[in-house]
Amino acid sequence: MVSYDVADDGRRQRVATWLLGWGDRVLESVFECVWRADQLEKVVGDLSGLIDPAQDRVWLVPICRRCLWAAKVNGLGRRVGPCAHHVV
């Protein structure tokens, strides 16, 4: 799960666009993304290059599959995850 608080509109849009390439937006500034362990260093590096560390913050929080499916959605949210994607 990735959550961000980015002060500048342009930087915020770049972070959101970059994250859309890796996962699904579940809230305005929260994305559900799936990475392999060997990709995490690149992810952190790429995101670090998109933000101003003096003004912005990005949280990457690992969530196991069981905990993800135990999450509840209330209101306008939607469930995403492995069963939300179709394999053809």
### Query
Restricting the range 37-72 to residues that are within 14 Å of the chain's Cα centre (by Cα) and part of a loop (DSSP other than H, G, I, E, B), which is modelled with the highest pLDDT?
Val61
### Query
Somewhere in the range 9-19, is a residue surrounded by 10 or more Cβ atoms within 10 Å (Cβ to Cβ), of a type in the set (S, T, N, Q), assigned to a helix (DSSP H, G or I) and at pLDDT 95 or above?
yes
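For the range 76-85, indicate whether the set of residues that are modelled with pLDDT of 90 or more, more than 14 Å from Met1 (Cα to Cα) and assigned to a helix (DSSP H, G or I) is non-empty.
Looking only at the range 76-85, we keep the residues that are modelled with pLDDT of 90 or more, and these are none.
No, because not a single residue in the range 76-85 is modelled with pLDDT of 90 or more, more than 14 Å from Met1 (Cα to Cα) and assigned to a helix (DSSP H, G or I).
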### Task
Exactly one condition in (1) in a strand (DSSP E or B); (2) surrounded by fewer than 12 Cβ atoms within 10 Å (Cβ to Cβ) is not met by Tyr4; state its number.
(2)
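Could you grab me the full set of residues in the range 36-62 that are within 10 Å of Val2 (Cβ to Cβ) and either surrounded by 12 or more Cβ atoms within 10 Å (Cβ to Cβ) or among the aliphatic types (A, V, I, L, M) (or both)? Can you show your working first?
As a first pass, look at the range 36-62 and keep what is within 10 Å of Val2 (Cβ to Cβ): 43, 47, 58-61.
Listed by number, the residues that qualify are Val43, Leu47, Val58, Leu60, Val61.
The values are calculated or read from the model by the stated rules, or taken from the named source; none is laboratory data. Everything quoted here is computed from the prediction, not taken from an experiment. With ideal geometry, Cβ positions are generated from the backbone for all residues, glycine too; neighbour counts draw on all protein chains shown.
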